[in-house]
Every structure is written in structure tokens, then in C-alpha cells.
Amino acid sequence: MKSLRKYLDKKKPLFQTGGKFAKLGSTFGAIETFLFTPNHTSKSGVHIHDAIDLKRTMIVVVLAMVPALLFGSWNIGYQNGLAFGVERGLIENFIFGFIKILPIIIVSYGVGLGIEFIAAQIRGHEVNEGYLVTGMLIPLILPVNIPLWMVALAVAFAVIFGKEIFGGTGYNIMNVALLARAFLFFAYPSQMSGDAVWIYELPSKVPVDGFSGATPLAQLAQGTTSKMASFSDMFMGFIPGSIGETSTLTVLIGAAILIFTGIGSWKIMLSTVLGALAIGLLCNILAVNEYMALPPYYHLVMGGFAFGAVFMATDPVTASHTEKGKWIYGFMIGALAVLIRVFNPAYPEGMMLAILLMNIWSPLIDYFVIESHIKRRLKRAKTKANP
Amino acid sequence: MSKVVHLKRGLDIRLKGDAEKVFGSSVKIDQVALKPTDFPGFSPKILVKVGQKVKAGESVCLDKYNPEILITSPTSGEVLAINRGERRKVLEIVIKADGKNTSVDFSKANPENLSRDEIKDQLKISGLWPFLKQRPYGTVAKPESTPLSIFISGFDSSPLAPDYEFILKGQTSAFQTGINALAKLTDGKIHVGIRPDQANGFFSGIKNIVITQFSGPHPAGNVGIQIHHVSPVSKGDLIWTINPQEVIYIGRLFETGNIDFTKIIALTGSEVNSPKYYQVIHGTSLAGLLNKTTKQEAKERIISGNVLKGENVGADGFLGFFDQQITVIPEGDYYEFLGWAMPRLDKFSISHSYFSWLFPKKKYKADSNLNGEERAYVMTGQYEKVLPMDILPVFLIKAIIANDIDKMEQLGIYEVIEEDLALCEYVCTSKTEVQRILREGINLMIKELGN
């Protein structure tokens with residue numbers, strides 16, 4: 001490691017102001033700080049700092065997504081096998097799927113990080129770590145049959161218009177990964193919805209008799225629930241869907257990691273679930289059709305609900321920043337997601353739109369929380385003056 | 001029975017190098033220095049010349065904007081140097097001690113027989129006045145004002161802090177006299193905050209004070225936190241604060257008529273061979289104290305004060321005006337290969353993404369490395385976990401960054417000074433310089449609205 005450090009120290013002046021490659025300073029900085037935590041020491045204020053930094057934070061979130069990624073890989077193979085009547089083992093299914101996912105991941109990181117590096121350089125800033133998480137989120141919420149050029153286009157759109165124009169990581173208003181998905185959803189609906197897109201090779205090859213590839217949400221929207229998967233299959237994730245979102249179990253493992261490390265907000269996760277259950281129950285009471293009568297807990301294991309609640313709603317930048325606001329924000333996401341699912345036939349899945357909508361609302365929620373905080377403080381001052 | 005306030009939020013950072021409750025061998029005080037920079041907002045006018053002989057209690061400088069506020073020499077000797085920095089700003093007035101510690105003779109008196117103005121005059125002329133700080137802002141109290149009450153924290157909860165029960169032992173009489181003098185300065189009460197285990201300690205024998213117990217982790221011992229839970233500072237309120245050792249200075253003045261700036265400090269930190277307590281003079285030069293007591297294994301950072309709000313003074317520096325602790329930690333100017341991926345078993349983190357939660361008793365050797373680079377705010381809810389106040393710290397900091405005076409006022413800038421938000425800075429994932437930003441906000445408030 002010492003020789004690597006020496007090499008970097010030798011090359012560093014070239015990338016600093018006045019150096020030959022000063023224009024690549026941010027890029028050099030990103031690589032250098034990736035390899036070595038810098039030697040910066042406290043200049044003002046506290047003399048010691050907690051061991052955590054943004055790189056560690058982001059890497060923990062990526063780790064939390066790994067179970068979903070592994071299961072998603074396996075499920076691609078498994079679903080493909082179901083569709084075409086091919087028998088494969090556990091490992092074979094996994095390898096089959098992983099080979100399909102890998103290019104999507106590579107394109108996502110390649111394009112996204114490329115834009116991040118360029119944007120950082122233009123601004124003369126350090127490269128921020130935010131895209132480490134976004135880059136993994138995007139593949140996990142796309143259908144496996146997505147063309148790679150669409151991935152590239154969506155990533156570019158989301159990173160530039162969702163994040164960089166606002167100032168980069170920490171300043172964005174909407175969740176970047178969901179914005180990428182929403183872009184594709186509205187720009188290329190035929191590649192993002194329907195029954196065929198979720199199963200590898202299904203659009204081009206003829207499946208075995210009786211296999212439709214429809215997700216449980218689509219079946220509910222179409223009213224063809226007779227063939228719907230069981231609750232336990234949906235919980236485990238043996239269903240068609242976006243790459244990483246089908247298995248509630250693996251998402252829960254991720255949730256456990258995020259909550260235990262304190263990086264993901266349990267308040268948002270819990271309140272999202274509560275919101276969905278509340279509206280689900282209300283639908284039950286007023287039920288006039290089969291969908292409204294669906295037991296509320298089914299909503300938690302179908303589609304992207306769990307994945308969205310754990311990995312997207314909890315994005316600290318776009319969620320509510322106040323602790324009280326987080327309860328409202330999460331509850332509204334859960335509630336809206338179920339409302340959209342049950343009452344809007346055009347969108348079988350409501351989670352993406354619910355989160356994006358609440359992203360826009362979260363500053364407003366914070367505003368009211370802060371105003372009530374200020375009012376309480378004023379009241380305290382008044383009662384003290386006139387006890 | 002005193003009131004008990006249970007504080008849940010906060011953090012005790014467990015560091016190596018707690019001072020053993022014994023005194024180290026006495027150190028010869030060679031030089032002392034007064035640092036006008038220890039007082040936020042103080043603009044010094046120097047009253048002495050290099051080479052001039054001074055006694056303890058003799059005026060050395062005054063505040064241009066409040067000429068009644070004098071800073072006096074802590075000991076007798078000769079002015080050795082007046083060190084200036086950029087734009088001729090006075091950094092230190094160094095006095096070579098003659099070892100006799102003779103004091104100017106201020107008449108002794110029982111403060112109970114003196115009027116408020118007489119006590120004020122005595123404190124001003126002897127140079128004890130600047131020990132009184134005011135809230136809001138943590139600046140030197142204004143002599144013409146009268147506070148609602150005076151607050152004293154009876155314990156220090158910061159990392160490796162000295163134990164007040166130990167350093168105050170045997171000084172009950174001087175402390176009581178000091179309290180009696182202070183009691184004349186306010187129409188309200190004198191509040192003292194203590195830990196529950198001090199219930200039968202030093203302060204239980206003191207009259208004329210209202211005791212409140214505070215349980216919980218740091219910053220429970222910060223006087224700002226205690227004020228918040230007893231009598232929060234709103235716009236227009238004025239509260240004064242002072243440290244117990246400084247109350248003793250006041251007591252000694254009235255009891256003997258002399259200035260005696262002898263104080264007890266703790267020499268602490270992982271780089272100190274055997275951390276102990278020392279009896280020194282206010283403003284003492286650290287060179288003698290640090291001679292052969294530190295390990296000298298690595299580059300050391302000498303902090304006057306604690307690791308959260310002290311000042312990096314260097315081995316040839318001086319003890320700060322309000323400090324009762326020296327902390328020596330290793331400098332952290334090294335590179336760590338793939339630091340973000342390493343287990344870092346030797347580093348502490350409040351977050352469970354490292355493993356310090358597995359070792360709840362382990363003590364750490366913390367260095368000054370930032371452990372990462374500065375970033376925009378990303379994480380939320382971190383500051384709130386370590387600030388036991390009804391304040392939204394991140395929004396206060398953002399209001400300061402935006403220079404929004406209305407919001408700063410509404411969000412509670414009157415209630416906090418740097419030390420209260422120091423833990424927020426410690427836990428910040430984005431390594432934001434919270435204390436620097438807060439002081440800039442306070443300075444802006446003073447500039448726009450007056451002190």
C-alpha cells in the first residue's frame with residue numbers, strides 16, 4: 001500500500017491547480033479518496049470525529065441491497081424456467097439471471113458515475129458518493145428485458161435533471177433512481193409494463209401453455225385473480241416483477257441492516273407500512289369489488305412496496321428531514337401507493353408515483369413541522385413571561 | 001429534595017486517558033499568558049508595555065467597547081511579550097512569573113454587607129468580571145445589566161473531563177463567599193446543576209443556591225443544556241453563567257482581599273503517560289507541564305480544554321482563560337487505505353456501521369483525523385440524537401448559513417453556544433463545521449441586533 005500511496009503523492013501535484021492535468025482534479029480526488037481516507041485533520045470545532053463518513057454510509061446501503069440482488073438474479077432464471085419449461089438448479093438459475101443483470105448494472109454505474117465525475121469537475125467539487133447507491137437501485141427496479149440503451153438514457157436523464165442541476169448529492173428534490181424509472185415508465189411504457197417484460201425472453205419466445213408472466217398486481221387490476229400467486233410465494237418472491245423487488249424477505253434483510261446500522265429511518269419504513277395497512281383496511285370496509293376486498297397485508301408483499309418503503313422512501317435527502325415529518329411522509333406514501341393501486345386502473349403499481357409525489361411534498365411537511373415547532377417555542381416564551 | 005431532570009439524548013465518547021484522582025508533582029510556573037481571543041467579541045486595548053512589572057490583579061488590557069471590563073494579570077512578574085497575529089490582532093500577552101505571586105491589595109469584605117454596585121466594582125477592578133458570561137451568545141456579561149438568574153454547572157460531562165468534586169474539595173468556604181457575592185448581582189436565584197451521584201457531595205453543603213440534578217450522557221453537564229431545562233432563554237432574556245472554580249476566585253478575593261488565580265486542572269488524553277490533576281495558575285504556559293509527561297510516540301495535538309470544544313494550542317501554548325483541562329491526543333494526519341471499507345475496530349462510532357457497539361466498555365484512542373471528507377448534508381436525524389434540547393439543530397445551522405436572522409431567532413440561537421452543538425459536529429456524517437458556523441451566526445446576531 002505504501003508504494004501506491006507514494007505513487008499517488010508523486011502524481012498529485014499534476015492534478016492540482018496549475019498542474020498539467022488540473023482539469024481532472026476531481027477525478028483524481030475521487031480515485032485517491034476511494035483508495036485512501038484522506039489525511040485531513042480537524043481545523044475548527046471538535047478535535048475528534050466519528051468514524052462514519054458518507055462513503056461508509058453509502059456502502060452499507062449497497063450491502064443492504066445485496067440480498068435482493070442475489071435473489072433477483074436467481075428469480076430471473078427461475079421465472080425463465082417456468083415460462084419455457086426448463087429445469088435448472090439453484091446455482092444455474094442464479095448464474096442465468098446474474099449474466100442478464102450484470103450489463104444493466106455496468107451501464108447504470110458507467111453512465112451515472114461518468115456524469116457525476118464530469119459534473120463534479122465542472123463545478124470544481126469533489127465527486128460525491130450518492131450515486132453508489134442510486135447506481136445499484138436503478139437495476140433493481142427495472143424489468144429484466146429493458147434494453148441497455150434505455151438504461152443509459154434514463155440514468156443520464158435522472159442524474160442530470162434530477163440531481164446535478166440542483167447541485168448534486170444532497171440537493172436533489174426527487175429520488176434519482178425513481179426518477180430514472182418514472183422516465184422510462186412514461187417514455188417507453190411498452191418496455192416497462194404489461195405481462196411480458198418481467199420474464200427474460202418472453203417477449204420474443206412462446207411460453208409453455210398457461211404461462212402469462214403477469215405480476216400479481218396486474219392480475220388484480222385485470223380482475224384475473226384466480227391464478228394469483230399465494231401470499232407465501234409473494235413474500236418469498238417467486239413471482240414476476242422488477243429485478244430486485246419481488247422478494248419481501250430479502251428486502252426485510254436489507255431493512256434489518258439499515259435499521260440496525262441507523263442509516264435507514266425505521267420511522268419512515270414503519271409509517272409507510274402503517275399507511276398502506278390503514279388505507280387497505282378502509283378499502284376492505286367499503287369494498288365494492290375484489291381488489292378493495294383484498295386483505296391489506298397483501299399490499300405489503302406485492303410489487304415494489306417493500307423495496308420502495310425500505311430503499312427509496314428512506315432516501316434521507318428527498319424524505320422529510322424532521323423526525324415528526326418522517327411519520328407523516330411515510331404514512332402518506334403507504335396510503336397513496338395503495339390508493340393508486342386500487343383505484344387507478346392505468347397504473348397497476350402505485351409505489352413509484354407515491355414516493356415521487358411525497359418527495360415533492362416533503363419540504364412542505366417539514367415547513368409545517370418547523371412552523372409548529374416555532375409556535376411552541378414562542379408559546380413557551382409567552383407563558384414564561386406571564387405565568 | 002432537588003428536582004431531577006432525566007436527559008436521554010446525548011453521547012459519552014469513551015476515550016483513553018482519564019485523569020487519576022491524584023495530584024501530579026508541582027510544576028514551576030514560568031510564564032503565563034492572557035489571550036484576548038478567549039473572549040468572543042472582545043476588542044483589547046493593551047494597558048502595559050513589554051518589560052513592565054505587574055502584580056497579580058493589575059490591569060493588563062480592557063475591552064475597547066466596554067472599557068469597564070478589565071483583564072488583569074494572573075500572577076506577579078514582568079510583561080515579556082505582546083504577541084500579535086494578522087492585522088496586528090493581539091493574540092497573547094505573555095507575563096514572566098517571578099514566583100512570588102504577590103497581589104494588588106483589594107480590600108477584603110463580607111459580600112453580604114456590600115451593595116450590588118460595590119460588588120460589581122470589586123469584580124471589575126480585580127479582573128474577575130470577564131469570568132461572568134451571559135446567555136444569549138456566551139459573551140462576557142455586561143456590567144450594567146442585571147440577569148434573571150445565574151447558572152453554574154456543578155459537573156463537566158465532556159470527554160475526559162475533570163471531576164469537580166475532586167477539584168473543589170476543601171474550598172467550601174471560598175465557594176460560599178463567592179456565591180454570596182454573586183447572589184447580590186441578580187434578583188433571581190443562583191442555579192447549580194449536579195449529577196445525581198453528587199447529591200451528597202460538595203454542593204450539598206452550600207447555601208443560597210437552587211440545586212437541580214441532571215442525569216444522562218454528555219452534554220448534560222453543559223450549562224446551556226441545564227438552562228434550557230430550568231429556565232430557557234427567550235428573546236430579551238438574560239442569564240449569566242460562571243464555572244465553580246471561578247466562583248472560588250471571587251470568594252478568595254472577598255475573603256482575603258487578594259487575587260489568587262490558583263486553579264486545578266486535569267492533564268488528560270491517550271498520549272499522556274499518567275494522566276493526573278495539577279495545581280497551576282490561570283493562563284499557565286504548558287511547556288513545563290508537558291515536559292516528560294506525554295508519550296512522544298507520534299505527533300501530538302495539545303488541546304487546551306476538551307476534545308469537543310478546546311483549542312489546539314501546541315506544546316508551547318498556554319492554558320485558555322476558561323479551561324480546566326488539557327487533552328493530548330495523536331494528530332491524525334495520515335492516510336488510511338480503503339478507510340471506508342475497513343472494520344476500524346480501533347475507532348469509535350455512534351453508528352452501528354462500525355463495530356464499537358460490540359464493545360460497550362472499550363475506551364478509544366481518538367485522533368484528529370476527520371475520518372472522511374466534508375460533504376453536503378445527506379443524513380438527517382443525527383444531530384437530534386445528541387442534543388437534549390427542544391431545538392431543530394440542522395435547521396438552525398441552515399438558517400445561519402442562509403443569514404436568515406428571523407429564523408435563527410425563532411429556531412433558538414439565543415439558547416446555544418458552540419459547546420452545546422459540539423456533539424452534533426462530532427457525529428456529523430458530512431463533517432460539517434457546526435461550531436464555526438454557529439459562532440458566525442452569533443456574531444451576525446450581535447452585529448445586527450446588538451449584544
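The values are calculated or read from the model by the stated rules, or taken from the named source; none is laboratory data. Since we're looking at a predicted model, the values are computed, not measured. Cβ sites come from the backbone with ideal geometry, for glycine too, and all protein chains shown count toward neighbours.
What to note about this one:
- Subset of the range A:336-350 (residues that are in a helix (DSSP H, G or I) and either touching a Leu at 6+ places or on another chain (Cβ under 9 Å) or not assigned by TED's automatic domain parsing to the domain that holds A:Ile263 (or both)): A:Leu336, A:Ala337, A:Val338, A:Ile340, A:Arg341, A:Val342
- Any pair with Cβ under 8 angstrom, 6 or more apart, that starts in the range B:196-216 at a residue that is closer than 18 Å to B:Ser158 by Cβ and ends at one that is charged (D, E, K, R) and surrounded by fewer than 18 Cβ atoms within 10 Å (Cβ to Cβ): B:Gln198/B:Glu165; B:Gly216/B:Lys8; B:Gly216/B:Arg9
- Leading residue by the ranking (nearest to B:Ser368 (Cα to Cα)) among those in the range B:313-330 that are among the aromatic types (Phe, Trp, Tyr) and buried (at least 20 other Cβ atoms within 10 Å of the Cβ): B:Phe318
- One residue stands out in the range B:410-419 among those that are surrounded by fewer than 24 Cβ atoms within 10 Å (Cβ to Cβ) and at the interface with chain A (Cβ under 9 Å from one of its Cβ atoms): the one that is nearest to B:Phe322 (Cα to Cα), namely B:Glu418.
- If you go through the range B:318-354 and pick out every residue that is touching a residue at least 40 places away in the same chain (Cβ under 8 Å) and outside any loop (DSSP other than H, G, I, E, B), you end up with 7.
- Pick from the range A:209-227, criterion modelled with pLDDT of 80 or more and assigned to a loop (DSSP other than H, G, I, E, B), ranking: nearest to A:Gly244 (Cα to Cα): A:Thr215
- Residue count for the range A:38-49 satisfying the condition of being buried (at least 21 other Cβ atoms within 10 Å of the Cβ) and either assigned by TED's automatic domain parsing to the domain that holds A:Lys6 or touching a Leu at 6+ places or on another chain (Cβ under 6 Å) (or both): 2.
- Some residue of the range A:195-208 being at pLDDT 90 or above and of a type in the set (Val, Ile, Thr): no
- Under the condition of being more than 14 Å from chain A (Cβ to nearest Cβ) and acidic (Asp, Glu), the residues counted in the range B:420-451 number 1.
- Only one of the numbered conditions (1) in contact with a Lys or Arg (Cβ under 9 Å, 6 or more places away or on another chain); (2) surrounded by 12 or more Cβ atoms within 10 Å (Cβ to Cβ) is not met by B:Ser115, and that is (2).
- Residues of the range A:249-263 satisfying the condition of being in contact with a helix residue (DSSP H, G or I) (Cβ under 6 Å, 6 or more places away or on another chain) and farther than 10 Å from A:Ala68 by Cβ: A:Ala255, A:Ile257, A:Leu258, A:Ile259, A:Thr261, A:Ile263
- Taken as a whole, the structure leaves B:Asp18 outside the set of residues that are at pLDDT below 90, among the charged types (D, E, K, R) and in the same structural domain as B:Lys100 (by TED's automatic domain parsing).
- For the range B:224-235, the criterion of being touching a residue at least 40 places away in the same chain (Cβ under 8 Å), outside any loop (DSSP other than H, G, I, E, B) and charged (D, E, K, R) is met by no residue.
To keep it simple, each residue is scored yes or no on (1) among the hydroxyl-bearing types (Ser, Thr, Tyr); (2) touching a Phe, Trp or Tyr at 6+ places or on another chain (Cβ under 6 Å); (3) modelled with pLDDT of 95 or more.
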| residue | (1), (2), (3) |
| --- | --- |
| A:Gly264 | no, no, no |
| A:Ser271 | yes, yes, yes |
| A:Leu282 | no, no, no |
| A:Asn289 | no, no, no |
| A:Pro295 | no, no, no |
| A:Tyr298 | yes, no, no |
| A:Met302 | no, no, no |
| A:Ala306 | no, no, no |
| A:Pro316 | no, no, no |
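- Number of the exception - B:Val394 against (1) closer than 18 Å to B:Arg14 by Cα; (2) at the interface with another protein chain (Cβ under 7 Å from one of its Cβ atoms); (3) at pLDDT 90 or above: (1)
- Screening the range A:279-327 for residues that are among the β-branched types (Val, Ile, Thr) and part of a helix (DSSP H, G or I) and picking the one that is farthest from the other protein chains (Cβ to nearest Cβ) gives A:Ile285.
- Taking the conditions (1) among the basic types (Lys, Arg); (2) surrounded by 23 or more Cβ atoms within 10 Å (Cβ to Cβ); (3) more than 7 Å from chain A (Cβ to nearest Cβ) in turn, B:Lys347 satisfies each one other than (3).
- Selection status of A:Ile101, farther than 30 Å from B:Leu423 by Cβ, outside the structural domain of A:Lys6 (by TED's automatic domain parsing), under 17 Å from the mean Cα position of the chain (by Cα) and not basic (Lys, Arg): yes
- Selection within the range A:247-270 - hydroxyl-bearing (Ser, Thr, Tyr) and more than 14 Å from chain B (Cβ to nearest Cβ): A:Ser247, A:Thr248, A:Thr250
- Restricting attention to the range B:206-221 and to residues that are away from chain A (no Cβ under 14 Å) and in a loop (DSSP other than H, G, I, E, B), the residue that is surrounded by the fewest Cβ atoms within 10 Å (Cβ to Cβ) turns out to be B:Lys207.
Quick grid of which residues meet (1) modelled with pLDDT under 90; (2) over 27 Å from the mean Cα position of the chain (by Cα); (3) of a type in the set (Gly, Ala, Ser):
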position	(1), (2), (3)
B:Asp346	yes, yes, no
B:Ser351	yes, yes, yes
B:Leu387	no, no, no
B:Met408	no, no, no
B:Val434	no, no, no
B:Leu449	yes, no, no
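- Residue check, B:Pro130 out of contact with any Leu (no Cβ under 7 Å at 6 or more places or on another chain), within 18 Å of B:Asn208 (Cα to Cα) and in contact (Cβ under 8 Å) with a residue 24 or more places away in the chain: no
- Qualifying residue in the range A:68-77 (condition: free of Cβ contacts under 8 Å to residues at least 40 places away in the same chain, hydrophobic (A, V, I, L, M, F, W, C) and in contact with a strand residue (DSSP E or B) (Cβ under 9 Å, 6 or more places away or on another chain)): no
- Qualifying position, being over 16 Å from B:Gly257 (Cβ atoms) and of a type in the set (A, V, I, L, M), among B:Leu114, B:Leu160: B:Leu160
- Flag if A:Trp198 is in the same structural domain as A:Gly244 (by TED's automatic domain parsing), under 30 Å from A:Thr224 (Cβ atoms) and over 17 Å from the mean Cα position of the chain (by Cα): yes
- Enumeration of residues in the range B:236-246 that are in a loop (DSSP other than H, G, I, E, B), among the hydrophobic types (A, V, I, L, M, F, W, C) and within 14 Å of chain A (Cβ to nearest Cβ): B:Leu238
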